[in-house]
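Student: Before we start, here is the structure in question, set down as structure tokens.
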Amino acid sequence: MTTEPMPATESVAPSPKPARGPSLLKAASLIAMVTIFSKLLGFIRDWAVMYVYGTSVVSDAYYAAFQLPAFAIVLLGGLGGPFHTATVAVFSRLIKDQEAPSAHAKRLASTFITLTGIVFTGLSILTFCLAQPIMGLILHGASPTLIQSAAAQLQVMSPCILAGGIVGILYGLSNIYNGFVWPSLSPVAMSVTILAGLWLMPGDSSGMVLAWSTLAGGILQVAMQLPEFFRQKFTFKPAFDWRAKEIRQAGELLFPATIGTTIGQLVTYVDMFFAASLGAGGWSAVTLSNRLVQLPLGVLQTALLVPIFPRFSRAAAEGNFEEIKRTFKVGVISLWLISIPLLVLMMIYTEPLIRLIFQHGKFDARATNLVSLALVYQALQIIPYFARDSITRVFYAFQDSKTPLMVGLLAIFVKALLNWWLVIKLNLGVGGITFAITLVTFINMTLLGVLSKKHIQDLGFKEMVIPFVKLAAAGILMALAIYGVQLGLRITPWQAWMPLRPEILEYMAIALASLAGCAVYGAVVLGLKVSEAQYLQERIGGRFLKRFSK
């Protein structure tokens, strides 16, 4: 695979060393295509769950019980999680230029998997035995029915905790060899098994089919990574070389990163504590809102931040600060370029889209209002979200996970205070919980940005202000264009000319206004000469010319 240049910013010289492996945007485009498919299937899964159960006690119980297994298999073991991050940070220094792993690297990988398996097996057993008191603590103040149902589902899903640790290591080893497809496709497994479970057992009213399907999906995620693991010439034999320098380095990175991720999960439990007082469906609304925000965020984060991190790690090991700065700026500005129009569309079309897509089956108008309120406030986190996660990976590249840990620890107290103020004092309900998420994300981004100077004096924040202002201006003009098209459609009797169902006409109006807004946004960012937009235009235009010239 040939190496293609990444767009350079105006004030930063390109790195003197060529990038190894696929270019950042080429790897990102490959991951994006796979991740889009995965996220769309996840969206269908969430729609099916809402259709069958609505925002009810049953869905609240499942989403509450799933928090611990999700913490392991999505956060700890997921792409960008502590186990994936630690594996890439340590093994990318042992495996150079796609060479086969040495006997030493193979034994270290077996040791890492063995030790992780032992610890996470113990955690799975502990979770199974303590499911009732765990759910009673998290859902303090909820009904006994909700707590009992959540505890039963947690017991079934407890082995997912073991799967989470193992799959994160397999993801990391695959990424070192530029294997991004199977790790990005892995979350499809859980969506497929849940959809299959709902189809095979449509009359389930307890929610247990969701728990068993989730367990099957966790096991399948691990199985999907094994062919790539063995293709890379790795082998697994139980090993206990825990005194090896590299294992200690992995532990030094992994332990505080895991604690930091645990702190992030504690923030979720703080939200669950406050949501329990909002009545049936409150936590399901917050969860669905988060899933909808993560639909685009997850695609973009996986597509760009996964290939960025190995670059950060290698550049940090070589002391190539200019490469870190250049990659950081290109990555974040590219993410903003794509995410700002998504933010505009979310803010304008939250309620009609939730109503048109989800308001079927047991998902009623009340559920639409709950989710819409939550989503409007949470969508605002899109801008600081990408900058925060990119800065965090800079810390990890320098094998510093303690600083993000301390910032995350502060987030627990800040989140609890904001929840109390917004939910209890201002009575914003689920909107207060999700708006607090946005505020905490912005605070974390700011603190991490200031503290990043301990490793690299300048990440280029000042040079990113002008591109951000240009993108924001384009977003405002996009919103005005959408409102203008909407106004024109209201005063024009076009619906009378098309004898279609009202829902289809509303979809058509939203699509037409959105396309017009996106066209204005694209024209403005190109007119304002945002370098990342110009680079994408050249790439896309070049491919079209090349294809039609054949």
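The values are calculated or read from the model by the stated rules, or taken from the named source; none is laboratory data. As the structure is a prediction and not an experimental result, all values here were calculated from the model. Note: ideal-geometry Cβ built from the backbone for every residue, glycine included; neighbour counts use all protein chains shown. Note: areas computed on protein heavy atoms with side chains; ligands, DNA, RNA excluded. Shrake-Rupley method; radii C 1.70, N 1.55, O 1.52, S 1.80 Å.
Student: Can you give me the Rg/Rh ratio for region 461-528, using Cα atoms for both radii and the Kirkwood formula for Rh?
Tutor: Taking Rh as the inverse mean 1/r over Cα pairs, Rg/Rh reads 1.17.
Student: Right, something else. Report, ordered by chain and residue number, the aspartates and glutamates lying within cross-link reach of Lys233, taken as a straight Cα distance under 14 Å and ignoring same-chain residues fewer than 8 apart.
Tutor: Glu99
Student: Quick one: compute the contact order of region 363-460, relative version, from alpha carbon pairs under 8 angstrom and 6+ residues apart, as a percent.
Tutor: Once divided by the residue count of region 363-460, the mean separation gives 45 percent.
Student: Apply the a/c threshold of 1.5 to the C-alpha gyration tensor of region 362-453 and tell me whether it is rounded, prolate or oblate.
Tutor: It is prolate, given that a/c is not under 1.5 and a/b is the larger ratio.
Student: Just report the Cα centroid separation between region 277-330 and region 335-367, whole Å.
Tutor: First find each Cα centre; the distance between them is then 21 Å.
Student: Using the structure shown, list the pairs from Lys96/Lys454; Lys329/Lys454; Lys329/Lys415; Lys245/Lys402; Lys329/Lys529 with a Cα-Cα distance above 21 Å, or answer none.
Tutor: Pairs exceeding 21 Å: Lys96/Lys454; Lys329/Lys415.
Student: Just from its helices, what would the mean residue ellipticity at 222 nm be for the chain, if runs of 4 or more DSSP H residues each count -39500 (n - 2.57) and the sum is divided by every residue, rounded to the nearest 500 deg cm²/dmol?
Tutor: -25000 deg cm²/dmol
Student: Below 18 Å, Cα to Cα, which aspartates and glutamates can Lys425 reach? Residues fewer than 8 away in the same chain don't count.
Tutor: Those aspartates and glutamates meeting the cut-off are Asp271.
Student: In vacuo Debye scattering of region 209-258, one point per C-alpha: log10 I(q)/I(0) at q = 0.17, 0.25 Å⁻¹?
Tutor: Computed log10 I(q)/I(0) values: -0.85, -0.93.
Student: Something else now. At 1.4 Å probe size, with the rest of the protein present, what percent of the exposed accessible area of region 92-144 is carbon and sulfur atoms?
Tutor: Result for region 92-144: 71 percent of the exposed heavy-atom area is carbon or sulfur.
Student: Size of the dipole of region 41-172 about the Cα centre, Lys and Arg at +1 and Asp and Glu at -1 on the beta carbon, nothing else charged, in debye to 20?
Tutor: I would put it at about 340 debye.
Student: Another question, if that's okay. Give me the aspartates and glutamates in straight-line cross-link reach of Lys470: C-alpha distance below 20 Å, same-chain residues under 8 apart excluded.
Tutor: Glu10, Glu532, Glu538
Student: In whole Å, what is the distance between the alpha-carbon centres of region 237-270 and region 156-204?
Tutor: 21
Student: Oh, and also: Starting from 0 in steps of 20 Å, tell me what percent of the Cα-Cα pairs of the chain lands in each bin.
Tutor: 20, 56, 23, 1
Student: Here is a further query. Which three semi-axes in whole Å describe the equivalent ellipsoid of region 101-213, each the square root of 5 times a Cα gyration tensor eigenvalue, listed largest first?
Tutor: Over the Cα atoms of region 101-213, the ellipsoid semi-axes are 33, 20, 10 Å.
Student: Per residue, how much accessible area does the chain have with a 1.4 Å probe, in Å²?
Tutor: Ligands and nucleic acids excluded, the result is 43 Å² per residue.
Student: Work out which GluC sites (Glu not before Pro) in the chain are exposed loop sites (DSSP not H, G, I, E or B, at most 15 other Cβ within 10 Å) and give the longest gap free of them.
Tutor: Here the longest run is 100-550.
Student: Give the shape of region 389-530 as rounded, prolate or oblate, defined through the alpha-carbon gyration tensor: a ≥ b ≥ c are the square roots of its eigenvalues, a/c under 1.5 means rounded, and otherwise the shape is prolate if a/b is larger than b/c and oblate if not.
Tutor: In terms of gyration-tensor shape, oblate.
Student: For the chain, what's the relative contact order in percent, using C-alpha pairs closer than 8 Å and at least 6 residues apart?
Tutor: The value is 20 percent.
Student: Quick one: what does P(r) look like for region 27-149 with 5 Å bins over all Cα pairs, in whole %?
Tutor: 2, 8, 12, 15, 15, 15, 13, 9, 6, 4, 2, 0
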